[in-house]
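Derivation of every value follows stated rules applied to the coordinates shown; laboratory data play no part. Here the structure is a predicted model, which is why all the values come from computation and not from measurement. All Cβ positions, even for glycine, are placed from backbone atoms using ideal geometry, and neighbour counts span all protein chains on display.
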Amino acid sequence: MTGIRRLNHAVLFVSDLGRAEGFYRDVLGFEIVATEPRMNAVFLRAPDSANHHDLGLFGLGAGAPRPPRGTTGLYHLAWQVDTLEDLARLREAVIASGAYTGESSHGATKSIYGADPDGNQFELMWMVPRDEWGAYEHQAVVEPLDLGADLARWAGVGTADELGPGRTG
C-alpha cells in the first residue's frame, strides 16, 4: 500500500465567488488557472507552486448557510511559504486586508492566521529546517511568535521540505 504524501489541493464552498477569488488573488497572491462557469467555480494556484491548482472555490450564493464555529468540519487550511521573509510580507498583506486573526510559534513552525471573506480560517506557515526541530519534533506547542527574532536567526533559509520528489516521510 502506498502512503499519502501531502495535501494536493483544497476546495471551499463560498457565498460570493468573485469576492473570494479576489481575496485569494489580491491578498495571498494566488493566480487563476481555470474557471468553470457551469459549476460557478474557479481554480487557483499559489504563486510559487508547481501544482496544477492548490485551491478550488465553488460559489453557492449569498443565502448559503454556514455551520456555526466550533461544529464539526474544516477548521483551517495551512499554506506553507518558502522563507520567513515571505511570511513577513504576507503578514503585512493579511493585516492590510483586515483578514488577520493572530500569530504563533509552534516550535517547528512559525504561523500567521487569518480568515477569508466567508470566515474560512487559514494559516500561513514557515517550517524550521528538519534538523533543527529538536524537542519540538514530538510536541504541539502554541507560543508567542517573535517574527523579528526569527528573521534575525533564519533570514534567507528555505522552509523544511523533506517530502520532495523521491523522498518518503
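For segment 39-169, the Kirkwood hydrodynamic radius from C-alpha pairs, put into Stokes-Einstein at 4 °C and a viscosity of 1.567 mPa s, yields a diffusion coefficient of 78 µm² per second. Using just its DSSP H runs of length 4 or more, each adding -39500 (n - 2.57), the chain gives a mean residue ellipticity at 222 nm of -5500 deg cm²/dmol after division by all residues.
Assign one of three labels to segment 25-84, namely rounded, prolate or oblate, based on the Cα gyration tensor with a ≥ b ≥ c the square roots of its eigenvalues; rounded applies when a/c is under 1.5, prolate when it is not and a/b is larger than b/c, and oblate otherwise.
Verdict is oblate for segment 25-84.
Using the Cα centre of segment 1-160 as the reference point, and only Cβ charges (+1 on K/R, -1 on D/E), how large is the resulting charge dipole? Debye, rounded to the nearest 20. Here the size comes out at about 460 debye.
Can you pull out the trypsin sites (Lys or Arg not before Pro) in segment 31-89 that DSSP calls coil and that have at most 13 other Cβ atoms within 10 Å? The partial results should precede the final answer.
Working: sites: R38, R45, R69, R89; in loops: R69.
Counting only loop positions with at most 13 other Cβ atoms within 10 Å, the trypsin sites (Lys or Arg not before Pro) in segment 31-89 are R69.
I want to verify the translational diffusion coefficient of segment 70-138 in µm²/s; compute it with Stokes-Einstein, Rh as the Kirkwood radius over Cα pairs, at 20 °C and 1.002 mPa s. Estimated via Stokes-Einstein, D reaches 167 µm²/s.
Size of the dipole of segment 76-160 about the Cα centre, Lys and Arg at +1 and Asp and Glu at -1 on the beta carbon, nothing else charged, in debye to 20?
Details: 5 positive and 14 negative charges, 12 e Å.
Here the size comes out at about 60 debye.
Placing a label point 7 Å from the Cα of T83 along the Cα-to-Cβ line, the residues of segment 22-55 whose backbone N sits under 18 Å from it are 29, 47-49. Working note: Debye formula, equal point scatterers on the alpha-carbon atoms of segment 1-58, no solvent; log10 I(q)/I(0) at q = 0.12, 0.22, 0.29 Å⁻¹ is -0.29, -0.82, -1.26. Helix 17-26 and the long axis of the chain differ in direction by around 30°, with both axes built from C-alpha atoms.
As a calculated quantity, the FRET efficiency between N40 and A10 at R0 = 22 Å, using C-beta atoms, amounts to about 0.80. Note on segment 81-131 and segment 4-44: Cα centroid distance 18 Å, given to the nearest whole angstrom.
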